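Notes for the one structure printed next.
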Amino acid sequence: MTFEPGPIAPIRKEDRWTLVFVRDLRHPRPKVWTALTDPAHLDAWSPFRTDRDLGTTGPATLTMVDGAYEVDTPAVVEKADPPALLEYRWGDDLLRWELAEVDGGTRLTLRHTVQAEDQLPKVAAGWHICLDVADRLLAGNPVPVIRGAEAKKYGWQDLADAYAARLDLEEDA
């Protein structure tokens, strides 16, 4: 498979442990919303599988996948306002996906609150690769899902280092 991640995306820390990751996509909000909520779409690009559509509030199970290794994690969709806002707790993390219309496409803003600041560059690198894969999927040029340790074959460490530098954190993955 030929895949190289795109350039690093605009990011910032909103507070000590919240990563704000912004990505402009060439696709309309309803299409991006489906990619964020539909189980079949999520399985094609995200780090997890889900047991249900995430487009409605309530409990869910997100299964983290790394090769043959899978871990079920409880999740709760707290806000679902299609196609503009999706917010859920995933284990101890909080993810807030905001979708705004821009120039015929979508500005996706992800606020991902983690449990420790040193996770931020790793999370940014992971979402970077996942969203590159999602963008290709939405454009009709899919590549196989890249998640877990496999991401290291596709520039994950370089991305983590670059995001650590941008966030002024040391990365020692």
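The values are calculated or read from the model by the stated rules, or taken from the named source; none is laboratory data. Quick caveat, the model's predicted, so the values are computed rather than measured. Using ideal geometry, Cβ is built from the backbone for each residue, glycine included, and neighbour counts are taken over all protein chains shown.
Computed quantities for the displayed model
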item	result
Filter result for Gly55 (within 19 Å of Gln157 (Cα to Cα) and either modelled with pLDDT of 90 or more or loosely packed, with under 13 Cβ neighbours inside 10 Å (or both))	no
Residues of segment 153-171 satisfying the condition of being free of Cβ contacts under 8 Å to residues at least 12 places away in the same chain and not in a helix (DSSP H, G or I)	Asp168, Glu170
Selection from segment 27-56 of residues that are among the polar types (S, T, N, Q) and in contact (Cβ under 8 Å) with a residue 60 or more places away in the chain	Ser46
Filter result for Ala125 (within 21 Å of Ile11 (Cβ to Cβ), assigned to a helix (DSSP H, G or I) and not charged (D, E, K, R))	yes
Top-ranked residue in segment 93-129 [being small (Gly, Ala, Ser) and surrounded by 16 or more Cβ atoms within 10 Å (Cβ to Cβ); ranked as farthest from Leu159 (Cα to Cα)]	Gly105
Number of the condition not met by Pro59 [criteria: (1) more than 14 Å from the chain's Cα centre (by Cα); (2) in contact (Cβ under 8 Å) with a residue 24 or more places away in the chain]	(2)
Residue identified as more than 12 Å from the chain's Cα centre (by Cα) and more than 14 Å from Val22 (Cβ to Cβ) among Ala125, Ala116	Ala116
Pair list, Cβ < 9 Å and 6+ apart or interchain, from segment 136-152 residues that are β-branched (Val, Ile, Thr) to residues that are part of a loop (DSSP other than H, G, I, E, B) and surrounded by fewer than 13 Cβ atoms within 10 Å (Cβ to Cβ)	Val143/Met1; Val143/Thr2; Ile146/Met1
Which listed residue is surrounded by 13 or more Cβ atoms within 10 Å (Cβ to Cβ), touching a helix residue (DSSP H, G or I) at 6+ places or on another chain (Cβ under 8 Å) and not β-branched (Val, Ile, Thr), from Asp161, Asp135	Asp161
Filtered residues of segment 138-155 (kept if hydrophobic (A, V, I, L, M, F, W, C), more than 19 Å from Leu25 (Cβ to Cβ) and surrounded by 15 or more Cβ atoms within 10 Å (Cβ to Cβ))	Ala151
Of the criteria (1) within 19 Å of Gly126 (Cα to Cα); (2) at pLDDT 95 or above; (3) among the aliphatic types (A, V, I, L, M), which one Val102 fails	(1)
Filter result for Asp66 (acidic (Asp, Glu), surrounded by fewer than 19 Cβ atoms within 10 Å (Cβ to Cβ) and modelled with pLDDT under 95)	yes
